[in-house]
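Everything on this sheet refers to the single structure shown next.
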Amino acid sequence: MTETGTYVYAIGRGLDEQRVRGLTGLREAEIRTIEHRGLVAVTSTVDLEEFGESGLRRHLEDIRWLEDVARRHDEVVRRAAAATKVLAPFRLATIYRSDSGVRLRIDELYDELVRALDRIEGRSEWGIKAFGRGQASSADKPQSASADRPASGVAYLERRRAELAERDRAMTVSTEQASELFWELAAGADASRRLAPQDQRLSGKEEPMALNCTFLVDDGTVTVFFQRIEELRRRYPMLTIEVDGPWPPYSFATLEGP
Amino acid sequence: VTVQVQAAAEGSAGPVALVDLLDRLLGTGVVLSGDVVISLADIELVRIHLWAVIQSVRAELEEHS
C-alpha cells in the first residue's frame, strides 16, 4: 500500500453534497468533501508517489502530465462551483498528508478564506487579450514579385529599415493603447490583474500580444462589462480584443498565506 | 488535445486553451500551501521550462488533435 495524500481543488460555502456525489477527480479517484467550521473542501485522495514533492517536481515539467492534471483540476472546480453558493478555486497541486491536515489549515486561514469567499461570491473571472493590428512580422515572408525588387542592396536595406521602424512605432502605440484599455476595463470590474503577455509561439498569432489580463466581474453587471468592451473596440481599432470566460475566479481567490 | 491559444469565442463553451489555464493554475503564487510545498521560485522555473516544452511539443500535439 503506497502512501496517500489529500488533494484540495477548492474550498467553498453552501455546497450541495448530492450534486458532487459521483464526481471523479485526479486518476479517477472519487471526489470527497471535508466539512469544517461551515466551510467545505472539495478533495480527492492521491498517491504521494505521483503527487508527493519529488513526484511533483518530476512531473510538473512533463507537459502531458501537466495538461492532464490541469484539465481535470479545472473540470472538478467548474462542476463543484455549479453545486456551490461560492467556491474559491485552488491553484494546481495543493496537497496534504491527511484530511486532518486540511482541517488544520482551514483553522489557520479561516478569516482569510472567508474574506476570499466574500470577495468572489456572485462574481466570475473574465480574461482579456489584446493584439496589435498590422504588426505581423514580414521578416520571414518571401520577397514579392521582381517588379518591386529594389535595384540595389542599399535600397533594400533602407526599405527594410523603414519597415522595421514602422513596426516598432505601431508596437509602441498598441502597447500604450493596451495599457489604457486595461485601466478602462479595470474601472468597470471588481478586481483586475495583469498576466504576462504570452509568447507569440504560444499564442499562435501573427501579431504580438500587447495585453493579457483578467478581471473579476459581478455576474449581475457582466452585460455592462461586455458593452464596455464593445465601446473600447470602437475606440481602439488598432487593437484586436479577445475575451474568454467565464473562468472560476482562480486569479482572485488568492490568499496571502503565512 | 489543444495547446493552441485561440481564445474560445466569446461566451462559447469551447475547450479552454491550455496556456490560458496554466496562466491561472500556476499563477504567481501559492494560494494555500499544502504539506507538499512546491515553492514559488520552483513554480517560476517550471513555467519557464514549460514554455520551452510547449513550444517543442506543439506541432506534435496538433498532429494528434
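The values are calculated or read from the model by the stated rules, or taken from the named source; none is laboratory data. Please read these numbers as outputs of a predicted model, since none were measured by experiment. Reconstructed Cβ throughout: ideal geometry from the backbone, glycine too, with neighbour counts over all protein chains shown. We work out accessible area using only protein heavy atoms, side chains counted, and drop any ligands, DNA or RNA first. Shrake-Rupley method; radii C 1.70, N 1.55, O 1.52, S 1.80 Å.
Restricting attention to region A:188-210, and to residues there that are in a strand (DSSP E or B) and either polar (S, T, N, Q) or within 12 Å of chain B (Cβ to nearest Cβ) (or both), which single residue is most open to solvent (accessible area, probe 1.4 Å)? Don't jump to the end; show me each part of the working.
In the first step, residues of region A:188-210 are kept if they are in a strand (DSSP E or B); the result is A:191-195, A:209-210.
Narrowing the set further to residues that are either polar (S, T, N, Q) or within 12 Å of chain B (Cβ to nearest Cβ) (or both) leaves A:192-195, A:209.
Details: A:Ser192: 46, A:Arg193: 56, A:Arg194: 116, A:Leu195: 26, A:Met209: 20 Å².
The extreme case among them is A:Arg194.
Restricting the search to region A:1-37, which residues are polar (S, T, N, Q), more than 14 Å from chain B (Cβ to nearest Cβ) and not in a helix (DSSP H, G or I)?
The first filter runs over region A:1-37 and keeps only residues polar (S, T, N, Q), leaving A:2, A:4, A:6, A:18, A:24, A:33.
Still in the list and also more than 14 Å from chain B (Cβ to nearest Cβ): A:2, A:18, A:24, A:33.
Answer for region A:1-37, where residues must be polar (S, T, N, Q), more than 14 Å from chain B (Cβ to nearest Cβ) and not in a helix (DSSP H, G or I): A:Thr2, A:Thr24, A:Thr33.
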Only one of these is closer than 20 Å to A:Leu117 by Cβ, open to solvent by 10 Å² or more (accessible area, probe 1.4 Å) and of a type in the set (D, E, K, R): A:Glu30, A:Glu3, A:Glu17. Name it. A:Glu17
Can you tell me which residues in region A:150-187 are part of a helix (DSSP H, G or I), over 35 Å from the mean Cα position of the chain (by Cα) and loosely packed, with under 13 Cβ neighbours inside 10 Å? A:Gly153, A:Val154, A:Ala155, A:Leu157, A:Glu158, A:Arg159, A:Arg161, A:Ala162
Filter result (open to solvent by 20 Å² or more (accessible area, probe 1.4 Å), closer than 26 Å to A:Leu216 by Cα and part of a helix (DSSP H, G or I)) within region A:69-104: A:Arg71, A:Arg72, A:Glu75, A:Arg78, A:Arg79, A:Ala81, A:Ala82
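Among the residues of region A:45-68, write down those that are assigned to a strand (DSSP E or B) and either closer than 22 Å to A:Ala116 by Cα or within 11 Å of chain B (Cβ to nearest Cβ) (or both).
Selection gives A:Val46 alone.
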Can you pull out every residue in region A:75-91 that is within 14 Å of another protein chain (Cβ to nearest Cβ) and of a type in the set (D, E, K, R)? A:Glu75, A:Arg78, A:Arg79, A:Arg91
Pair list, Cβ under 7 Å, 6 or more apart: region A:107-131 residue within 18 Å of A:Ala196 (Cβ to Cβ), other residue of a type in the set (Phe, Trp, Tyr) and open to solvent by 60 Å² or more (accessible area, probe 1.4 Å): none
Within region A:41-50, the residues that are touching a residue at least 40 places away in the same chain (Cβ under 8 Å) and either under 26 Å from A:Thr254 (Cβ atoms) or surrounded by 22 or more Cβ atoms within 10 Å (Cβ to Cβ) (or both) are A:Ala41, A:Val42, A:Thr43, A:Thr45, A:Val46, A:Leu48
Please determine, by comparing only the residues of region A:211-258 that are among the aliphatic types (A, V, I, L, M) and within 9 Å of chain B (Cβ to nearest Cβ), which one is nearest to A:His73 (Cα to Cα). A:Ala253
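Could you grab me the full set of residues in region A:105-126 that are hydrophobic (A, V, I, L, M, F, W, C) and surrounded by 17 or more Cβ atoms within 10 Å (Cβ to Cβ)? So that I can check it myself, show each step before the final result.
The initial filter retains those residues of region A:105-126 that are hydrophobic (A, V, I, L, M, F, W, C), namely A:106, A:109, A:113-114, A:116-117, A:120, A:126.
If the condition is that a residue be hydrophobic (A, V, I, L, M, F, W, C) and surrounded by 17 or more Cβ atoms within 10 Å (Cβ to Cβ), then A:Ile106, A:Leu109, A:Leu113, A:Ala116, A:Leu117, A:Ile120, A:Trp126 are the ones that fit.
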